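Engineer: Before we start, here is the structure in question, set down as structure tokens.
The values are calculated or read from the model by the stated rules, or taken from the named source; none is laboratory data. What you see is a predicted model; the values in this text were computed from it and never measured. Positions of Cβ are backbone-derived with ideal geometry, glycine not excepted, and every protein chain shown enters the neighbour counts. The protein model used for the area step is the full one, side chains on, heavy atoms only, and it has no ligands, DNA or RNA in it. Shrake-Rupley method; radii C 1.70, N 1.55, O 1.52, S 1.80 Å.
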Amino acid sequence: MEIDRRAFLATLGTAAVVEAMPSEALADALEHHMMDTLDEQGAANNELTIRKGAGSIFGPGGMSSGVRTLKTLDAMPDKPTLVDFFKLRFAPATHVLQSAADALKKGEKEETILACLLHDVVLSLIKVDHGWWGAQMMEPYVSEKVSWGIRYHQALRFYPDPSVGYEYPELYNRIFGKDYVPLPYIKQTYEFARKHKWYMEARMITVHDLYAFDPNMKVSLDPFIDIIGRSFKQPKEGLGFDNSAVAHMWRSLMYPDHPL
Ligand SMILES: [Fe+2]
Ligand SMILES: [Fe+2]
């Protein structure tokens, strides 16, 4: 996917603002910019009306969309399922669907495919530290390995692993320069994850992430419905109403216009 460097940097603010941004924030902004561009195929704009870490559901379109109005949201069913959230809140979810499609095509195990499918959906709710938020939101409903992988993929993106063909994204070099250094907490997180027995659960998310920014690839949720049925523990009361420790996160996506 081609990135218009000037248009991307313009979404961040003035040159001084870009200079002052921590590298991790810049990298996240780049990923989100790519996802927004892919989802909406829109023109770039240079005016931000919300904090960059806010979830996409709270803002007027994506940062790069040029859309100045809030997306219209349909009401959710009384007992919403993960599929309902995909259709009514995460949609079009092009990036995660492409990522899961790549994992499926390459014969990954079901847990990895599910992790790829879920790895970035929390960006609708919040963008900053999305690995941690995303893992927490899914934790009651997926295996420990799946949420572990989601938590640590955020830090692993910056560190190559030739054993699985994951190179440091060339795109990051072009956008941020060769001397780009992630924040210390990201480095420490990477070092912890690198030594963990489940390292590959997170690493494979980053591998399939690389193949998930294709503007021409058409995807749908259909190939993943059975996997969701088998591997996602859908609460019978509906997501948001099961009294779990993260039910409020799902409700916040359901009711983003509630003032309190
Ligand atoms: Fe991510
Ligand atoms: Fe991603």
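Engineer: Which pairs, out of Lys109/Lys233; Lys105/Lys197; Lys105/Lys236, put more than 20 Å between their alpha-carbon atoms? Working shown, then result.
Structural biologist: On the way: Lys109/Lys233 18 Å; Lys105/Lys197 25 Å; Lys105/Lys236 31 Å.
Pairs exceeding 20 Å: Lys105/Lys197; Lys105/Lys236.
Engineer: Something else: Net charge around Leu210, counting only other residues with Cβ within less than 9 Å of its Cβ (Lys, Arg = +1; Asp, Glu = -1)? Can you show the working numbers first?
Structural biologist: Values: positive: none; negative: Asp102, Glu167, Asp209.
It works out to a net charge of -3.
Engineer: On to the next question. Run the helix sum for the chain: -39,500 (n - 2.57) per DSSP H stretch of 4+ residues, divided by residue count, reported at 222 nm to the nearest 500 deg cm²/dmol.
Structural biologist: -14000 deg cm²/dmol
Engineer: How much length, in nm to one decimal, is gained on full extension between Leu88 and Lys197, taken as 0.36 nm per residue of separation minus their Cα-Cα distance?
Structural biologist: 35.6 nm
Engineer: Which whole-Hz ³J(HN,Hα) couplings does segment 97-112 yield from phi under the Karplus relation 6.51 cos²θ - 1.76 cosθ + 1.60, θ = phi - 60°, glycine and proline marked x?
Structural biologist: 5, 5, 5, 5, 5, 5, 5, 5, 4, 8, x, 5, 5, 4, 4, 5
Engineer: Please give the per residue accessible area of segment 169-260, computed with a probe of 1.4 Å over protein heavy atoms only, in Å². Each step should come with its number before you reach the end.
Structural biologist: Values: 5430 Å² over 92 residues.
Spelled out: the 1.4 Å probe surface of segment 169-260, per residue, equals 59 Å².
Engineer: Treat each spin label as a single point 7 Å out from the Cα along the C-beta direction, and report the Lys233 to Lys109 distance in nm.
Structural biologist: 1.8
Engineer: Let me know the charge dipole size of the chain about its Cα centre in debye, to the nearest 20, where only the beta-carbon of Lys, Arg (+1) and Asp, Glu (-1) is charged.
Structural biologist: That gives the chain a dipole magnitude of about 280 debye.
Engineer: Looking at the chain as a GNM with Cα springs under 10 Å, which of Glu111, Glu201, Glu237 has the largest mean-square fluctuation?
Structural biologist: Ranking Glu111, Glu201, Glu237 by mean-square fluctuation puts Glu237 first.
Engineer: For the chain, state the average projected area of the convex hull of the C-alpha atoms over all orientations, rounded to one decimal in nm². Please report the intermediate quantities before stating the final value.
Structural biologist: Working: hull surface 54.9 nm².
It is 13.7 nm².
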